[in-house]
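Engineer: Quick one: the structure is below, questions incoming.
The values are calculated or read from the model by the stated rules, or taken from the named source; none is laboratory data. For clarity, every value in this text was computed on a predicted model and none was experimentally measured. Here the Cβ positions follow ideal geometry from the backbone for every residue, glycine too, while neighbour counts run over all protein chains shown.
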């Protein structure tokens, strides 16, 4: 978890979202080949996504609005395999979450509009893209919205179960 210093005054606010030296000091990548941004409306759920062949690590943040952000450990030899971390990221708290390679990623929009940004360590590869269904009972993610309210894409609705998913054979030492 990275918490940037936010400067607020009567005009607005300012925060530094990337500093190469701080990233290197934190042991994180300092070069990002791709930056992504999405807008979502309330109850939109994106994920659980990952790239099996060309894995990506991500640094994610919310620019405006709020999400429940979820990262699922998909490294089969990891002691935390199939466990998840769920935290609220918002434009208000300005927190950023580092998601290492080998993790699936999802988020649920909690506000009317969400601006979501993420830097990735490798390029998007459509043939490498995998999806685990967001409500897989083996993951037991405590999503705050009921299934009737959640808005998901067809791809996300038809994602694989964790038991049937292609996961990573390696463990925690492969973080980048």
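Engineer: Tell me, which residue of the range 115-158 that is without any contact (Cβ under 8 Å) to a residue 40 or more places away in the chain and farther than 20 Å from residue 87 by Cα is farthest from the chain's Cα centre (by Cα)?
Structural biologist: Going through the qualifying residues, I end up with 148.
Engineer: Return the residue satisfying two criteria in turn: it lies in the range 1-19 and is surrounded by 12 or more Cβ atoms within 10 Å (Cβ to Cβ) and under 21 Å from the mean Cα position of the chain (by Cα), and of such residues it is nearest to residue 97 (Cα to Cα).
Structural biologist: Here the answer is 2.
Engineer: Check off (1) modelled with pLDDT of 95 or more; (2) farther than 27 Å from residue 31 by Cβ; (3) surrounded by fewer than 17 Cβ atoms within 10 Å (Cβ to Cβ) for residue 148 and give me the number that stays unchecked.
Structural biologist: (1)
Engineer: Check off (1) in contact (Cβ under 8 Å) with a residue 60 or more places away in the chain; (2) surrounded by 15 or more Cβ atoms within 10 Å (Cβ to Cβ); (3) more than 21 Å from residue 110 (Cα to Cα) for residue 45 and give me the number that stays unchecked.
Structural biologist: Condition not satisfied by residue 45: (3).
Engineer: Residue by residue through the range 82-114, note down the ones that are touching a residue at least 60 places away in the same chain (Cβ under 8 Å), part of a loop (DSSP other than H, G, I, E, B) and either crowded, with 16+ Cβ neighbours inside 10 Å or touching a strand residue (DSSP E or B) at 6+ places or on another chain (Cβ under 6 Å) (or both). Reasoning before the result, please.
Structural biologist: Initially, the range 82-114 is screened for residues touching a residue at least 60 places away in the same chain (Cβ under 8 Å), giving 82, 87, 93-98, 100-102, 106-114.
This time we only want the ones that are part of a loop (DSSP other than H, G, I, E, B), so: 82, 93-95, 100-102, 110-112.
Correct list: 82, 94, 95, 100, 101, 102, 110, 111.
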